[in-house]
Every structure is written in structure tokens, then in C-alpha cells.
């Protein structure tokens, strides 16, 4: 098998599992977390650092939401079985960067990594993300180049793959759809809330040794009730709407 075909095969394999394999980053982070002291030595100060890290993840989600808010049907999707694209997105954020959803993913996973406050671990994460998504991007662009040929090449020639350019923004042809965002991204927000709640609980358990795992009321603080409670209510409500109604359906999206 030619190397280019091997890269494409690897990329398609990783593409199918792209929602799960980055979870390894979270698993390694969790394994390292017990040795990480509170920021500033106290829980209240640690919440500020947690908030900063969450803001980075939230920025990543915002990038994804901005992308999906203007995305037409059968593009920028969560499909895993095969590559799907009815057209080459060239407007909106796609006029600045070719893979904005992966930019968003990078920032979303970077947030929990930053909780560790460990530069070498952060650099390892960046390297892992690069090597992992490089294959996926190769497979996607291999597919798009084969399907759209010159149209794709002309767009790719002037648009960077991952680091957005700061000029040349082209207004999207479709209107912004908040409904489309809710329908497609509500699991992402809840997933972030679950991860940050879990990270904080683990830090509390290991940094406040007078608490024990059986004393869940001692580990579970007011912050967790508010933060996780909001996420759970949002997720359950939105999921019920998505699964039982057509309120969030948008024609052409």
C-alpha cells in the first residue's frame, strides 16, 4: 500500500473514533490530578483557576457553535461512519480556517489539561492532538479534493488548515441558527460540565484529606450543586425537546 493510501486509511479509522480517543487525554489527566495541589493552596482560589480553564473550553465550544450556527445540512456534522460533504464551505469561519471544529475541539480539551498547571504535560497534549488530528484532516481533505477537485484546491490554497488568518472574512450566505446549535451541541456543553465537576471533586478529595469518599456531602460543595445541577437540567430538557419534538428542526440544516 502506498504511504499516501496508508495515511488516508489511518485518518478514516481515527475519523470514526474521533469523539472517543481524545478521552485518553482526560484519562491521563485524571490519573495525574491527585498530585496537583489547589491553586494558591486553598479551595476558593482554586475555583478561580478552574474558572479560567473552563473559559478556555468554553471558547472552544463558542468556536464550534459559531461554525455550526451557519452550517448547511450534511456539512460540519458528527457523522462517524463515512465522510460526508455536499459542498465546500467557504464562507463564515470557513473563510478564515479550513477546520474550525477541530480548533474548537483543541480548546475544549485544553481546558481540563490546564487544570494540572503542568507545562510538559500541556506540550505532550499539544503534540498528541497534532499527530492525532493530522491524520483525520488528511483523510478529510483527501476526500474533499477527490470530490470537489479545483473548487476545493482554490479554497485550500488561500485558507489555512488550523491557525485562522485574521483577514478575508466572507459573510455566510445562510442566517445564523441558534436552534441548530442547541440541537447539535447540547451534549458538548454538558460533557464539559461533567468533566470539570469530576476534576474538581477529585481535587477536593485528595487535597482535603479529612474528607472521605463515604462522606459525599463533605466533598460535594455548593459549587457542584449549582454548576452540575444547571448542566443536568439543561441537558435533560434539551434532549427531551430534540427527541420528542421538532421545535429545533431547521429546514436546510
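The values are calculated or read from the model by the stated rules, or taken from the named source; none is laboratory data. Fair warning: this is a prediction, and the values are worked out from it, not measured in the lab. Neighbour counts run over all protein chains shown; Cβ positions are idealised from the backbone, glycine included.
So here's what we get for this one:
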quantity: Enumeration of residues in the range 220-240 that are touching a residue at least 12 places away in the same chain (Cβ under 8 Å) and part of a helix (DSSP H, G or I); calculated: 223, 224, 227, 228, 230, 231, 232, 234, 235, 238, 239
quantity: Yes/no for residue 13 being in a helix (DSSP H, G or I) and in contact with a strand residue (DSSP E or B) (Cβ under 9 Å, 6 or more places away or on another chain); calculated: no
quantity: Conditions (1) at pLDDT below 90; (2) surrounded by 15 or more Cβ atoms within 10 Å (Cβ to Cβ); number of the one not met by residue 215; calculated: (2)
quantity: Every pair of residues 6+ apart whose Cβ atoms lie under 6 Å, when the first sits in the range 89-102 and is in contact (Cβ under 8 Å) with a residue 40 or more places away in the chain while the second is part of a loop (DSSP other than H, G, I, E, B) and surrounded by 20 or more Cβ atoms within 10 Å (Cβ to Cβ); calculated: 92/70
quantity: Residue within the range 26-37 that is surrounded by fewer than 18 Cβ atoms within 10 Å (Cβ to Cβ), out of contact with any strand residue (DSSP E or B) (no Cβ under 8 Å at 6 or more places or on another chain), at negative phi and not in a helix (DSSP H, G or I) present; calculated: yes
quantity: Complete set of residues in the range 132-172 that are surrounded by 11 or more Cβ atoms within 10 Å (Cβ to Cβ) and not in a helix (DSSP H, G or I); calculated: 159, 160, 161, 162, 164, 165, 169, 170, 172
